[in-house]
Amino acid sequence: MCGIFGAVSKSEIQGSLISGLSKLEYRGYDSAGISIITGRQKIKRVRCVGKVKNLKRILNSSRSSGFCGIAHTRWATHGQPILKNSHPHNSSKVSIVHNGIIENSDELKVYLKKKNYKFTSDTDSEVIAHLFSYYAERSSDGVEAMKRVAKKLNGSFAIAAICERWPDHLLAACNGSPLLIGTKKGSNFISSDIHALSETTDTYVPLQDNEIVELNSTDYKIYNFTGRKISRKQTKAKKQTSEINKNGYKHFMQKEIYEQQEIISNAIKHQIGKKGLLPNIFGPNSDKLLLKTKHIHFVACGTSYNAALIAKYWIEEITDIVCTAEIASEYRYRTVNVPPGTLFVAISQSGETADTIYSLKKAKNRNYCSILSICNVPESSITRLSDLVYLTHAGPEISVASTKAFTSQLIALLFMTMVLSRTSKNKTIEKTILKQVKALPAIIKKTFLLEKEIKKIAKNFKNKKHTLFLGRGVSYPIALEAALKLKEITYIHAEGYAAGELKHGPLALVDKNLPVIGLMPDNNLVNQVLSNLAEVRARQGLVYIFTNKKLSSSKTDKTNVINMPSCGHFVSPLVYVIPMQLLSYYVAIEKKTNIDQPRNLAKSVTVE
Ligand code: F6R
């Protein structure tokens, strides 16, 4: 799961390679590297462990000048994040970068070793370098060589390659991992995403599975793996408006937590008119489609999956529509029944998550009435593949731990619930939700006033090894999300549980050292959650309750109660997730972890 960038130009390319690569760091930051064909038509490779800033430092003292080159930022899959496993990988006169996983790399290694190729890394990618070298020596041109390489590979891949035999040509291939061509007068580029091209050009051409492209500084040609030439129109990218800086905050995560109030206000401003929700906000004729929908299959990963779970609770509470929320890595491999009238909904911040993309591709071949995506990144792989798109307009989310993307997905899903509620017998429910939604920005503002208190509580978690989060109903997915945030950025082991499930096993973990956090909006489940927390207290667990219910002192004995502002039932997940995000953030501050780029993770998970 890595970022690929390549350039071939009439002018020097080192600067654009580095600038493109910096924008792809969200896909992994274990190592970075570039290979450039120099004036003497030799490949010069520079690699380093860690981030692009380390690579920049090396290049400052040893510039690589040339007009054709490739670059890579890595998230380690095969082999530790050490120098020998960093990309580009070289073999004789070629250099390659790869994103994806080569499933038959072991067999290919055996095949290539018999041909005397020596392996110097533990990666699956190195087989591509040797294969390309082997076929480059035996082919009349780069396209022929790349075609023969691609035919040998099983798995998902996006590859960019250069060869000293064809010093003015960049070659690339893709199958299952995204790749785009960027074009500009006198330069052509290859990139894992559109964002990395934004400083260079707004004109791009997406590649599809099983395609090869050959680029020089003035032209590009696309072929499929059988060698047939493909013509495809260029597309103009929409301008990204949001600035990428911390705006005075210490971390991107902190800034993004605080942006949530404005993002929600904007969603309300843009999607709600005088008479309520504007028509067809999910795309052309989407209201009609939604009102005919009988089933919804939500598919997503991680935080986006937690948003899907909440949508299931909301929609099934007020309509007869049957919803499932499923983790994309499960959905993509299992047998799925698709009853007539089923809508497929993919939820993704990045629009580049491999498992979600595969699920969506699978869904396109099934009997769904439509494929809708809820996504933050326009012109991403997921939006390009969908029939209908709702853009969450949360702006670039830089922190690996997702915060504002989650609440922007939730507000979209609540809007969807409002449209679907028109099928309900309860004709006032849409108005009820609308009222709650309109009140939301002010409630979120009040929730931020808890920051000081949360900062104090966070100190108690500094030396904890484990934490449990409990919730019922719509608060159960918030418990999952809170646990995900805490483990992601503080490395404390955390679990989210449906509060009623505690006594079916996890209660065995409770002792005087275990913090247990109850999420308890004032609703019909308060008494049940209180009973579950009493069971924890009886075993000396350290109970924290986040609630807007006024509790009698008998219920709060030896309990930390954090008084939340009151909010409506439907919007409670958007309110209760905020102190959970702040808690993780301040525990991470206490533990001095790398908040925006936690260890072992990447912002976008582009391998399965
Ligand atoms: C957690 C987090 C991840 C993502 C997941 C899906 O903070 O960010 O769990 O939610 O990788 O990513 P998207 O939404 O981009 O498909």
Review point. So how strong a dipole does the chain carry about its Cα centre when Lys and Arg Cβ are +1 and Asp and Glu Cβ are -1, to the nearest 20 debye?
Key: 740 debye
Review point. Dipole size in debye (nearest 20) for the stretch 380-527 around its Cα centre, Lys and Arg Cβ +1, Asp and Glu Cβ -1?
Key: 460 debye
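Can you check what the net charge comes to around residue 130, using other residues whose Cβ is under 14 Å from the Cβ of residue 130 (Lys, Arg +1; Asp, Glu -1)?
That works out to +4.
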Check your understanding: Looking at the square roots a ≥ b ≥ c of the eigenvalues of the Cα gyration tensor of the stretch 239-427, which shape do they give, rounded for a/c under 1.5, prolate if a/b is larger than b/c, or oblate?
Key -> oblate
Review point. Residues with amide H under 5 Å of residue 155's amide H, sequence separation 5 or more or different chain, H placed in the peptide plane at 1.01 Å from N; which?
Key: 103
Practice item. Would you please report the Å³ per residue occupied by the convex hull of the alpha carbon atoms in the chain? Key: 160 Å³
**Study point:** Nearest 10 degrees, 0 to 90: helix 105-114 Cα axis against the chain principal axis
**Key:** 20 degrees
Revision key, fill the gap. Out of 301, 72, 426 - ranked by how far each Cα lies towards the positive end of the dipole of the chain, with unit charges on the beta-carbon of charged residues - the top one is 72
Exercise for review: Could you list the chymotrypsin sites (Phe, Trp or Tyr not before Pro) in the stretch 516-608 that lie in coil according to DSSP, counting only those with at most 14 other Cβ atoms within 10 Å of their Cβ?
Suggested key: none
Review point. Around residue 147, with a cut-off of 13 angstrom between Cβ atoms, what is the net charge of the other residues, counting Lys and Arg +1 and Asp and Glu -1?
Key: +3
Review point. Among 24, 192, 206, whose Cα sits farthest toward the positive end of the charge dipole of the chain (+1 at Cβ of Lys/Arg, -1 at Cβ of Asp/Glu, about the Cα centre)?
Key: 24
Review point. DSSP loop trypsin sites (Lys or Arg not before Pro) in the stretch 132-236 with at most 11 other Cβ atoms within 10 Å of their Cβ, which ones?
Key: 138, 185, 228, 233
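Quick one: putting +1 on the C-beta of Lys and Arg, -1 on the C-beta of Asp and Glu, what dipole do you get for the stretch 242-281 around its Cα centre, in Debye to the nearest 20?
The dipole magnitude comes to about 160 debye.
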**Study point:** C-alpha center-to-center spacing [the stretch 511-534, the stretch 430-488] in angstrom
**Key:** 14 Å
**Study point:** Charge dipole of the chain about the Cα centre (unit charges at C-beta), most positive-ward option of 368, 498, 167
**Key:** 167
Exercise for review: Could you please state, rounded to a whole Å, how far the C-alpha centre of the stretch 140-158 is from the C-alpha centre of the stretch 254-268?
Suggested key: 45 Å
**Study point:** Mean residue ellipticity (222 nm) of the chain, computed from DSSP H runs ≥ 4 via -39,500 (n - 2.57), nearest 500
**Key:** -10500 deg cm²/dmol
Practice item. Could you list the trypsin sites (Lys or Arg not before Pro) in the stretch 377-433 that lie in coil according to DSSP, counting only those with at most 14 other Cβ atoms within 10 Å of their Cβ? Key: 425, 427
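Which net charge results when you count Lys and Arg as +1 and Asp and Glu as -1 among the other residues whose beta-carbon is under 9 Å from that of residue 221?
Details: positive: 229; negative: 214, 219.
Its environment carries a net charge of -1.
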Review point. So what is the orientation-averaged projected area of the stretch 1-88, using the convex hull of its C-alpha atoms, in nm²?
Key: 5.1 nm²
Practice item. Just report the Cα centroid separation between the stretch 544-608 and the stretch 1-54, whole Å. Key: 39 Å
Review point. Based on the Cβ-Cβ distance from residue 115 to residue 234, what FRET efficiency comes out when R0 is 56 Å, to the nearest 0.05?
Key: 0.90
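Where a number appears in this text, it was derived from the coordinates with a stated rule and is not lab data. Since the structure is predicted, the reported quantities are computational estimates derived from the model, not experimental observations. Because the Cβ atoms are built from the backbone with ideal geometry, glycine has one as well, and the counts that use them run over all protein chains shown.
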